[in-house]
Structures are given as structure tokens and as C-alpha cells.
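**Student:** I have a structure I would like to understand better, so I am pasting it below and will then ask my questions one at a time.
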Amino acid sequence: MEIRSIGIIGAGQMGNGIAHVTALAGYRVVMMDISQDSLTAALSLIEKNLERQVSSAKITAAEKAKALAQIDTTLDISKVGQADLVIEAATEDETIKQSIFDLLLPHLQDHTILTSNTSSISITRLASRTDRPEKFMGFHFMNPVPVMKLVELIRGIATDETTYAACKQVVERLGKTAASAEDFPAFIVNRLLMPMINEAVYTLYEGVGNVVSIDSSMRLGANHPMGPLELADFIGLDTCLAIMNVLHDGLADTKYRPCPLLTKYVEAGWLGRKSQRGFYDYRSGTPVPTR
């Protein structure tokens with residue numbers, strides 16, 4: 001099937017990035033959230049990021065204007081159900097995602113493909129609770145969406161080949177590369193990345209190094225563009241903890257046990273950049289290590 005319209009549920013960090021790239025690729029986009037303030041903020045950020053692309057000559061002013069005109073916003077989930085493809089990009093919490101799908105299902109067209117941007121939750125389990133497990137997939141964008149070139153496509157056990165092919169075609173139209181992943185906890189990227197971040201937190205917890213020495217070691221010693229603790233702050237420590245819990249619960253291996261210090265930071269509300277404090281304190285404008 002040819003996908004012409006895309007519905008996006010969630011106007012946060014991932015949702016607005018997905019709206020940005022899909023609208024720029026010429027899809028008609030409707031972005032839904034439960035908060036009008038979130039929708040307003042998302043549109044403002046999309047406009048700002050598109051303008052940055054114009055300034056760097058990656059797109060033209062006309063392309064920017066056309067992309068913005070492709071995006072509608074709504075507080076009404078039924079409007080999303082009219083799209084050919086729906087991408088759920090809400091909080092990484094299975095209960096929340098399931099409640100969203102329950103509300104959405106009565107409004108979907110027969111041909112609509114339903115996907116989740118989950119970074120770790122079982123696609124098979126999410127799909128099994130819908131009326132279209134064969135038309136359900138994991139559609140996992142990397143953050144920040146306009147910059148990162150990879151999209152993980154995850155088949156559930158019931159996903160059919162037509163659904164996979166349609167989603168792969170969308171990824172290609174976005175100018176990104178699709179990586180096919182099997183439906184195991186955290187898929188490929190986070191199966192590899194999150195244990196590294198968790199081990200960096202253990203290294204901090206055990207006093208092997210401080211925040212600066214750990215991040216400097218991986219930037220300068222392993223040529224990583226960003227240290228693991230800095231990266232954790234960028235992703236969100238709550239998201240990192242949620243994924244580690246999925247790995248630990250799903251694979252039943254103690255090597256995936258979340259570091260107690262990571263749990264403590266999340267309990268304190270120190271979630272990284274989005275809360276202005278994590279392994280670094282961002283409140284002064286210049287990141288200051290908290291340990």
C-alpha cells in the first residue's frame with residue numbers, strides 16, 4: 001500500500017522530531033497530544049529546527065514553508081485514526097501505550113498500519129492487544145530524529161510482509177536507513193547502548209572515576225562523540241532506567257541489573273537535560289558535574 005498520511009501520537013522530543021521529518025518528506029501529518037501547550041511548543045520547535053536547516057542550506061525556505069503547511073495538530077485522538085500510518089511516540093511506559101491504543105482502535109481505518117516508537121517494549125505483546133497484529137510494527141527512530149540516519153524496524157511475531165515493506169518504504173523516503181531487528185528486549189541499538197551507559201554509572205557509583213574522567217575517557221579513548229553520562233542526560237535518565245528494567249525483566253540476566261545510583265537519580269527527579277539536572281547540572285547554562 002502507498003502511505004500518504006501519517007498520524008503521530010505524542011508531541012514530545014520524539015513526536016515533534018518525527019513530525020518534522022515526515023512533513024519535510026511530503027507526508028500529510030496530524031500530530032496529537034493531550035496538552036495544547038505541548039502541541040504549541042512542538043510546532044515552535046519544528047519551525048526553529050527547520051529554520052536551522054535553511055540557514056545551513058540543507059533545505060530551502062520554500063521547503064520549510066511547505067513542510068510546516070503539511071502539519072496539523074489536534075487534541076482529538078479520532079483524527080489520528082484517519083491516517084494511513086500511525087506512529088505512537090508517547091512515554092516509554094507499556095501501560096500508557098496500551099491505553100492509547102485502546103482509545104485509538106475504534107477510530108482506525110481498516111487499512112491503517114499501527115506502529116510504536118518504543119525503544120524496548122515487546123512489539124508482539126503490544127500488537128496482540130490490538131485488532132490488527134499483522135499490521136503492527138515497531139518503528140523506532142533515533143534521537144534527535146532530524147539528525148540521526150537510522151530507524152529500527154521491528155516485526156512482531158504476527159507482522160506481515162506487506163506491513164514491513166510499507167514501513168521500509170517510508171524510511172527510505174525520509175532519506176534514512178532501516179535496520180531490521182527481531183522482537184527481543186531493547187532490540188539492537190539499546191541492547192548494546194544501555195548496558196554501556198549502565199556500566200558507566202556503576203563505574204561512577206563504585207568510585208572508579210568521576211563524571212568528567214568517565215566521559216573524557218570514552219570521548220578521547222574510544223573516540224565516542226559524547227561521553228556515556230552526558231549521553232544518558234541527553235536521552236533522559238528515566239528512559240535509560242526504563243530500558244534497563246525491560247532488559248533485566250525480559251532476559252532475566254543479572255548483567256542487566258540497573259545501577260542503584262541510576263535509580264536514585266531518577267527518584268530524585270534528576271532526569272538529565274529535560275529537568276536541568278542529571279549527571280550534570282545545566283541550570284547555570286554551563287554543564288557542571290554533579291559528582
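**Student:** Just order 42-51, 101-110 by mean Cβ neighbour count inside 10 Å, highest at the front, would you?
**Tutor:** My ranking of the peptides, most packed first, is 42-51, 101-110.
**Student:** What angle do you read, to the nearest 10 degrees and between 0 and 90, between the alpha-carbon axis of helix 189-205 and the longest principal axis of the chain?
**Tutor:** Roughly 30 degrees, rounded to the nearest 10.
**Student:** Find how much the distance from S217 to T290 grows on full extension, using 0.36 nm per residue of separation minus their present alpha carbon separation; answer in nm with one decimal. It would help to have the intermediate numbers written out before the result.
**Tutor:** Details: separation 73, 0.36 × 73 = 26.28 nm, distance 1.75 nm.
Here the answer is 24.5 nm.
**Student:** Once the principal axes of the Cα atoms of the range 193-283 are found, what is the range along each, listed largest first in whole angstroms?
**Tutor:** The Cα atoms of the range 193-283 stretch 33, 29, 23 Å along their principal axes.
**Student:** Radius of gyration and Dmax for the range 38-140's Cα atoms, expressed in Å?
**Tutor:** Final numbers for Rg and Dmax: 16.0, 45 Å.
**Student:** In terms of Cα to Cα distance under 17 Å, which lysines are near enough to K97, apart from those fewer than 8 places away along the same chain?
**Tutor:** List returned: K135.
**Student:** Starting from the alpha-carbon convex hull of the range 201-240, give the projected area averaged over all orientations, in nm².
**Tutor:** Values: hull surface 10.9 nm².
Average projection, Cα convex hull of the range 201-240: 2.7 nm².
**Student:** Considering Cα pairs under 8 angstrom that are at least six residues apart, work out the relative contact order of the chain and quote it in whole percent. Could you put the intermediate results ahead of the total?
**Tutor:** On the way: 518 pairs, mean separation 38.1, N = 291.
For the chain, the relative contact order is 13 percent.
Values quoted throughout were computed directly from the atomic coordinates according to the rules given, and no laboratory measurement underlies them. Just so you know, these numbers come straight off a predicted model, no measurement behind them. Using ideal geometry, Cβ is built from the backbone for each residue, glycine included, and neighbour counts are taken over all protein chains shown.
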